Amino acid sequence: MVYIYENGRILYSPNIPSQDDTEKYIALETLPDIGKIDGKIGIITGCDPVSKEVFIEYVEIPSPPKVPDPEPTETERIMQGFTDSELRDLEIQQNQELLAQQITDIEVALLGGGR
């Protein structure tokens, strides 16, 4: 059984609450269907034991907190430095190869090899 108290407390128990329990409640087989509203979540806030009505309050769903990107560790900074250096070296090598090809093309053109 599910017991919903006037103050919104919810108790799941196969047993009936004790007689010492002075708060009023309603007993249900299952929780009521809260339904859905765009951007809001339903919260059971209490009940009316006389009418057997369950009170539901809809509140805005908070957006998750933004977690800042962690600072890179010393090892990550070193590895990024190596990667950056390797990329620069590769770019220099490609530029040197392009320059060598252009010089070869100029030499061939000057020596008349392109006719």
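Side notes on the structure shown:
- Of all the listed residues (GLY35, GLY46), the sole one being of a type in the set (Gly, Ala, Ser), surrounded by 10 or more Cβ atoms within 10 Å (Cβ to Cβ) and out of contact with any Leu (no Cβ under 6 Å at 6 or more places or on another chain) is GLY46.
- Boolean, PHE55 is in the same structural domain as LYS24 (by TED's automatic domain parsing) and out of contact with any helix residue (DSSP H, G or I) (no Cβ under 9 Å at 6 or more places or on another chain): yes
- Among all positions in the range 1-11, there is at least one residue which is closer than 21 Å to ILE61 by Cβ, under 35 Å from the mean Cα position of the chain (by Cα), free of Cβ contacts under 8 Å to residues at least 40 places away in the same chain and in a strand (DSSP E or B).
- For the range 62-82, a residue qualifies if it is of a type in the set (S, T, N, Q) and loosely packed, with under 10 Cβ neighbours inside 10 Å, and the qualifying residues are SER63, THR73, THR75.
- Residue check for GLU60: in contact with a Lys or Arg (Cβ under 7 Å, 6 or more places away or on another chain) and more than 30 Å from ALA27 (Cβ to Cβ): yes
The values are calculated or read from the model by the stated rules, or taken from the named source; none is laboratory data. All figures in this text were calculated on a predicted structure; none of them were measured in a lab. Every residue, glycine among them, receives a Cβ derived from its backbone with ideal geometry; neighbour counts consider all protein chains shown.
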